[in-house]
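Below is one structure, written out as structure tokens, with a few remarks after it.
The values are calculated or read from the model by the stated rules, or taken from the named source; none is laboratory data. Remember, it's a predicted structure, so these values are computed and weren't measured experimentally. Cβ placement follows ideal geometry from the backbone for every residue including glycine, while neighbour counts extend to all protein chains displayed. For accessibility, only protein heavy atoms count, side chains too; no ligands or nucleic acids. Shrake-Rupley method; radii C 1.70, N 1.55, O 1.52, S 1.80 Å.
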Amino acid sequence: MSGEVTPPPHAVHVEVTADKRFGTNSYLVEDESTHDAVIIDANLEPALMIDLVQRRGAVVKAILLTHTDIDHIAGLNELLEAFGPIPVAVHAAERAVVAEGKPLRREFGEVSIRVDNVVELVEDRKFRAGSLEFEVLHTPGHSPGGVTLRIQNRLFTGDALFAGSIGRSDFANSDGAVLLHGINSKLLSLPDDLEVHSGHGPATTVGRERRSNPFLR
Ligand SMILES: [Zn+2]
């Protein structure tokens, strides 16, 4: 026995901004000890996030994308202008959306975003940004590269799971059965008290959604 003790993780501060048009959430996740931070999703009002980061004195190390629907990436250019060419992390299945401007949905037009510093979110591979460490769960179905990000007791589920609802699966590259399977096998299997922070709307918990989400029964 080495007697080695794992130090407790730093406390993490989470704060949300939402745009008015789609009510899309962008999250600031900040290590309260080091002030290292990431932004999860880039909604239509990046100025709200830039303001929040400045008020808190957070040091943004990366932008993580739960998926690449336009309302989750619209603010990328302005965030990158504000914080420098920090990495933008996305699942491989949607990398071309932000790297090449290839639209996620054939229903919608071209995307005017070209990010140079794209890195990949890989299922079961820890994603580190400064002193923060996220677990990556692939939760596709709303979109092919949809991911849920976990840090400590918090999940960021994008448009896979909402309080009382689940993501749309009526797009050409959506799949409702895949979406439900991912939610059931990877999210609802987690402890009740895990917080769920969604792409739209209020926060909830795994336990509350398992018990009362009408789309999951
Ligand atoms: Zn959305």
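Considering each of ASP31, ASP19 in turn, give the residue that is within 16 Å of the ligand (Cβ to nearest atom) and not hydrophobic (A, V, I, L, M, F, W, C).
Working: ASP31 fails: within 16 Å of the ligand (Cβ to nearest atom).
It is ASP19.
Please go through the stretch 51-73 and pick out each residue that is part of a loop (DSSP other than H, G, I, E, B) and either closer than 17 Å to SER198 by Cα or within 13 Å of the chain's Cα centre (by Cα) (or both). Full working, then the answer.
Let us first name the residues in the stretch 51-73 that are part of a loop (DSSP other than H, G, I, E, B), namely 57-58, 65-69.
Selection gives LEU65, THR66, HIS67, THR68, ASP69.
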Query raised in the report: Do the conditions hold for ALA62, that is, is it surrounded by fewer than 22 Cβ atoms within 10 Å (Cβ to Cβ) and away from the ligand (no atom under 16 Å from the Cβ)?
Result: no
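Say whether the condition of being open to solvent by less than 10 Å² (accessible area, probe 1.4 Å), within 15 Å of the ligand (Cβ to nearest atom), under 24 Å from VAL16 (Cα atoms) and modelled with pLDDT of 95 or more is met by at least one residue in the stretch 124-143. Quick ask: steps written out before the conclusion?
As a first pass, look at the stretch 124-143 and keep what is open to solvent by less than 10 Å² (accessible area, probe 1.4 Å): 129, 132, 134, 136, 139, 141, 143.
Keeping just the survivors that are within 15 Å of the ligand (Cβ to nearest atom) gives 139, 141, 143.
Applying the additional criterion that residues be under 24 Å from VAL16 (Cα atoms) yields 139, 143.
Now restrict to residues that are modelled with pLDDT of 95 or more: 139, 143.
Checked the stretch 124-143: at least one residue is open to solvent by less than 10 Å² (accessible area, probe 1.4 Å), within 15 Å of the ligand (Cβ to nearest atom), under 24 Å from VAL16 (Cα atoms) and modelled with pLDDT of 95 or more.
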Query raised in the report: Considering the stretch 183-208 alone, what residues qualify as being over 14 Å from PHE156 (Cα atoms) and either within 16 Å of the ligand (Cβ to nearest atom) or not in a loop (DSSP other than H, G, I, E, B) (or both)?
Result: ASN184, SER185, GLY207, ARG208
Query - Unmet criterion (only one of (1) among the small types (Gly, Ala, Ser); (2) in contact with an Asp or Glu (Cβ under 9 Å, 6 or more places away or on another chain); (3) away from the ligand (no atom under 16 Å from the Cβ)) for SER26 - result: (3)
Requested in this report: Could you check, for the stretch 154-167, whether at least one of its residues is surrounded by fewer than 16 Cβ atoms within 10 Å (Cβ to Cβ), within 23 Å of GLU15 (Cβ to Cβ) and away from the ligand (no atom under 16 Å from the Cβ)?
Outcome: no
Query raised in the report: If you check PRO144, PRO103, PRO140, PRO85, which single one turns out to be in contact (Cβ under 8 Å) with a residue 12 or more places away in the chain and over 30 Å from THR204 (Cα atoms)?
Result: PRO85
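Consider LEU28 carefully, then state whether it is open to solvent by less than 30 Å² (accessible area, probe 1.4 Å) and farther than 22 Å from VAL115 by Cα. Before you say what the answer is, go through the steps one by one.
Values: open to solvent by less than 30 Å² (accessible area, probe 1.4 Å): yes; farther than 22 Å from VAL115 by Cα: no.
Against the criterion (open to solvent by less than 30 Å² (accessible area, probe 1.4 Å) and farther than 22 Å from VAL115 by Cα), LEU28 does not qualify.
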Requested in this report: Return yes when ALA92 is free of Cβ contacts under 8 Å to residues at least 12 places away in the same chain, surrounded by fewer than 24 Cβ atoms within 10 Å (Cβ to Cβ), away from the ligand (no atom under 16 Å from the Cβ) and under 23 Å from HIS142 (Cα atoms) and no when it is not.
Outcome: no
Query raised in the report: Right, ARG150: away from the ligand (no atom under 16 Å from the Cβ), free of Cβ contacts under 8 Å to residues at least 60 places away in the same chain, buried (at least 17 other Cβ atoms within 10 Å of the Cβ) and within 21 Å of ASN25 (Cα to Cα) or not?
Result: yes
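Could you go through the stretch 154-168 and let me know if any residue there is within 21 Å of LEU65 (Cα to Cα), among the hydrophobic types (A, V, I, L, M, F, W, C) and out of contact with any helix residue (DSSP H, G or I) (no Cβ under 9 Å at 6 or more places or on another chain). Explain how you work it out, then say what you get.
Of the residues in the stretch 154-168, the ones within 21 Å of LEU65 (Cα to Cα) are 154-163, 165-168.
Right, trim to among the hydrophobic types (A, V, I, L, M, F, W, C) and you get 155-156, 160-163, 166.
Within this subset, residues satisfying the condition of being out of contact with any helix residue (DSSP H, G or I) (no Cβ under 9 Å at 6 or more places or on another chain) are 156.
Checked the stretch 154-168: at least one residue is within 21 Å of LEU65 (Cα to Cα), among the hydrophobic types (A, V, I, L, M, F, W, C) and out of contact with any helix residue (DSSP H, G or I) (no Cβ under 9 Å at 6 or more places or on another chain).
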